[in-house]
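Reading through the structure tokens given below for one structure.
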Amino acid sequence: CLVGSEMCIRDRPQGNEDGIEIALDKSIFALYFGKAQHADTDNYYLILTDATFITDGSRYQLTSSGYELILDLYAAPGESWRDMATGVYEPSDDESDHTYMFRNSGVKYTNTDMIAAFFDLSGPVTVARDADGITTISATFYDESGKEKTIVYKNELKLMNTTSGATLPQISDDVVLESYSAAAYYHGNMLQGAAGLMQICLLYTSPSPRDT
């Protein structure tokens, strides 16, 4: 609950046994926004949480109390848009390499009454990735009592490319399946754009008798 602008102590989650005060393990959005407007960098927008949630397109809603780490990051381009740079990101507003946009980043806490409070980050953001592809993102902020806390996301981070113009949900990683049958169709240069349209249909279960 909120008392004035203060949160009740009973609504604050406790730290975990690993010494991390707030541990996040879910990604609501992990988006590649393409090139920055004012610098030669790539722009990534992340919303990471420890709460349960539902999404509807670009909108989302928490379904439990919890924290969100919201980050607007900028980094020099890698070999692929999937290669979000690791390292230390400092607060800035110039979209330069290894910075985060301070006014668009922070920590949001939603209590059990679904009332939210927002806190600014108090220092740099650190991004690391291990050999197994697990991403760790660490940041600090001052809570409503003035205490500096550490918030850490640790899990896979599957980025989605918002610049592709896709109208259907994207497949964010490699998919391997054993299919029952497959059919491929070439529809020709339908859009007159010097590129042919191909459609591949994979059936990965045996057809029902009523479908034959």
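What does the highest-first list of 101-113, 126-138 look like by mean Cβ count within 10 Å? Mind showing how you got there, number by number?
Working: 101-113: 16.7, 126-138: 14.5.
In decreasing order of mean packing, 101-113, 126-138 become 101-113, 126-138.
Please give the length that would be gained between A131 and A182 if that part of the chain were fully extended, namely 0.36 nm times their separation in residues minus their C-alpha to C-alpha distance (nm, one decimal). Don't jump to the answer; show the numbers that get you there.
Values: separation 51, 0.36 × 51 = 18.36 nm, distance 3.47 nm.
Going from the current span to full extension adds 14.9 nm.
Enter the Cα centre distance for the pair region 27-78 and region 87-130, rounded to the nearest angstrom.
10 Å
Among the GluC sites (Glu not before Pro) in region 10-117, which ones are in a DSSP loop with at most 14 other Cβ atoms within 10 Å of the Cβ? Mind listing them? Please list the in-between numbers first.
Working: sites: E17, E21, E68, E79, E95; in loops: E17, E21, E79, E95.
Counting only loop positions with at most 14 other Cβ atoms within 10 Å, the GluC sites (Glu not before Pro) in region 10-117 are E17, E79.
What is the distance, in nm, between label points placed 7 Å from the Cα along the Cα-to-Cβ direction at D25 and at T55?
The two pseudo-label positions are separated by 1.9 nm.
Distance check, please: which entries in K35/K154; K26/K158; K108/K158; K26/K108 exceed 18 angstrom between their Cα atoms? It would help to have the intermediate numbers written out before the result.
Working: K35/K154 26 Å; K26/K158 11 Å; K108/K158 22 Å; K26/K108 14 Å.
Long pairs (Cα-Cα over 18 Å): K35/K154; K108/K158.
By its C-alpha gyration tensor, with a ≥ b ≥ c as the square roots of the eigenvalues, how is region 26-85 shaped: rounded for a/c under 1.5, else prolate for a/b larger than b/c, else oblate? Write out the running numbers ahead of the final one.
On the way: a/c = 2.72, a/b = 2.46, b/c = 1.11.
Prolate is the answer for region 26-85, as a/c is 1.5 or above and a/b outweighs b/c.
Quote the FRET efficiency, to the nearest 0.05, computed for L203 versus T63 with a Förster distance R0 of 22 Å and r equal to the Cβ-Cβ distance.
Values: r = 35 Å, r/R0 = 1.58.
With R0 = 22 Å, the Cβ-Cβ based efficiency is 0.05.
Taken together, the values in this text are just the output of simple stated rules run on the coordinates, not laboratory data. Only a predicted model underlies this, so the values are computations on that prediction, with no experimental measurement involved. No Cβ is skipped: glycine too gets one built from the backbone with ideal geometry, and neighbour counts run over all protein chains shown.
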